[in-house]
Amino acid sequence: INAEYMGKSHILMDNERARALFEAGGALLCLDVPEGTHFGIDMFECEAGPRFRGVKMIPPGAHFVHWRPVARTGEAGLKAGVFVYLSPGQVEVRKWDPVGETIVRVPDAESAALASAVRGFQFDSQLGAYPLDSHDKWAALMRYVTAATVAALEFASGNSEPQWQRPYADLPARGPPASVRHSAASTTLWAMDKSAALRLLLDSHWHGDPLLLLGELQFCFADFVLGENLLSFEHWKKLLALLCGCDEALKWYPSLFLDFLDVLTIQLHEAPLDFFACDLSQDNFLTHILKGFLEVLESATTEPQLQARGSALRRWLVSKFGWIPPDDDADDEPTVVSDVGSDCETPLRCNVASE
């Protein structure tokens, strides 16, 4: 994902339209951000100037605010970020913490007064306009990330030192959890078909709502691509392995898998063209789980709409990436899908970030 400077992508508009967008959208006020800090929101980044105080006209929804401090020597530090969910007209107020080199919340009373000042246009000339011309791409990447998703997975508020550990779902490994009665045969089936694990997790972690699962998948994808969070990358791999490792669940939750195919395709659109061919990626976990998943999708017992979507995904992978499915017949040992990719590098994150 290419970072661009806010200001290069401004859409020219008259004052009336600008005011309407300001009132309908949200705003992010960030006080005391040091000059020269690399500061961004979603897929865009800028270098903070001496008068920089945040961003205005932000479309409602989930957003990722990220920054990278810069030392006096000009050397950039580690990247950090935070997800926020903005309602129409909401003003999120943060300030720079020089100790933790991060942005933190301010006390409620001070926040309310500052938010009122933003709505009164007192900070208008110090707020950069959100780059609306590419918002559609961000909205597609975050389609299922709700306010509840952000509230459940974001770091504790007010923490001045970002923690990379997020409260993601604890996905089952090779066999059923101890709380589930099982035989040797069911344990083998559990490893071969992740449908039972998916149903268990949907009920226990995502409250029976498949869209919450897709929201978590999109959340961790954005967190590792933009926030460079390796733990989110690991969780993204596990979620893909869970969904792509299902067989029977395609009959139970056809709508979930149709939506999942949309999410996966949008995410793969952000991968470089040599993703499946370059040295780092050609033998990565995704090539193996995609092969098995597409075979299940295109089988005679799968619902026709899913069959068609699976075939379309295969054609797109071949057309865009020149994808060639791996030859798994060379391996004598069976592959347990839940453990695929546990030791692999982070090719997608690395390639996308440098694209």
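Brief remarks on what is shown
- Considering L240, L231, the condition of being open to solvent by 10 Å² or more (accessible area, probe 1.4 Å), part of a helix (DSSP H, G or I) and not aromatic (F, W, Y) is satisfied by L231 alone.
- Criterion applied to L212, L202 was being surrounded by fewer than 21 Cβ atoms within 10 Å (Cβ to Cβ), modelled with pLDDT of 90 or more and touching a Phe, Trp or Tyr at 6+ places or on another chain (Cβ under 6 Å), and the one residue passing it is L212.
- Residue within the range 245-253 that is outside any loop (DSSP other than H, G, I, E, B), surrounded by fewer than 18 Cβ atoms within 10 Å (Cβ to Cβ), over 12 Å from the mean Cα position of the chain (by Cα) and not β-branched (V, I, T) present: yes
- S111 being surrounded by 16 or more Cβ atoms within 10 Å (Cβ to Cβ) and either at pLDDT below 90 or over 22 Å from the mean Cα position of the chain (by Cα) (or both): yes
- Evaluation of R143 against (1) among the charged types (D, E, K, R); (2) surrounded by 17 or more Cβ atoms within 10 Å (Cβ to Cβ); (3) outside any loop (DSSP other than H, G, I, E, B) (one fails), failing number: (3)
- Test: residue in the range 177-184 that is open to solvent by 40 Å² or more (accessible area, probe 1.4 Å) and at pLDDT 90 or above: no
- Within the range 12-33, the residues that satisfy the criterion of being open to solvent by less than 50 Å² (accessible area, probe 1.4 Å) and more than 12 Å from V91 (Cβ to Cβ) are A18, L21, L31, V33.
- Whenever a residue of the range 288-305 is of a type in the set (D, E), it has no partner that is surrounded by fewer than 18 Cβ atoms within 10 Å (Cβ to Cβ) and assigned to a loop (DSSP other than H, G, I, E, B) lying with C-beta atoms less than 7 angstrom away and at least six residues away or across chains.
- Only listed residue being open to solvent by 20 Å² or more (accessible area, probe 1.4 Å), within 22 Å of E23 (Cα to Cα) and touching a Pro at 6+ places or on another chain (Cβ under 8 Å), chosen from P88, P98: P88
- Residues (open to solvent by 40 Å² or more (accessible area, probe 1.4 Å) and either among the β-branched types (V, I, T) or in a helix (DSSP H, G or I) (or both)) located in the range 114-125: S116, R119, D124, S125
- Pairs meeting the criteria (first residue in the range 71-83 and within 25 Å of R105 (Cβ to Cβ), second residue acidic (D, E) and not in a loop (DSSP other than H, G, I, E, B), beta carbons under 9 Å, at least 6 apart or on different chains) are G81/D223; F83/D223.
The values are calculated or read from the model by the stated rules, or taken from the named source; none is laboratory data. In this text, all values refer to a predicted model and were calculated from it rather than measured experimentally. Cβ: placed from backbone, ideal geometry, glycine included. Neighbour counts: every protein chain shown. Each accessible area value is taken on the protein alone, full model and side chains, heavy atoms only, with ligands, DNA and RNA left out. Shrake-Rupley method; radii C 1.70, N 1.55, O 1.52, S 1.80 Å.
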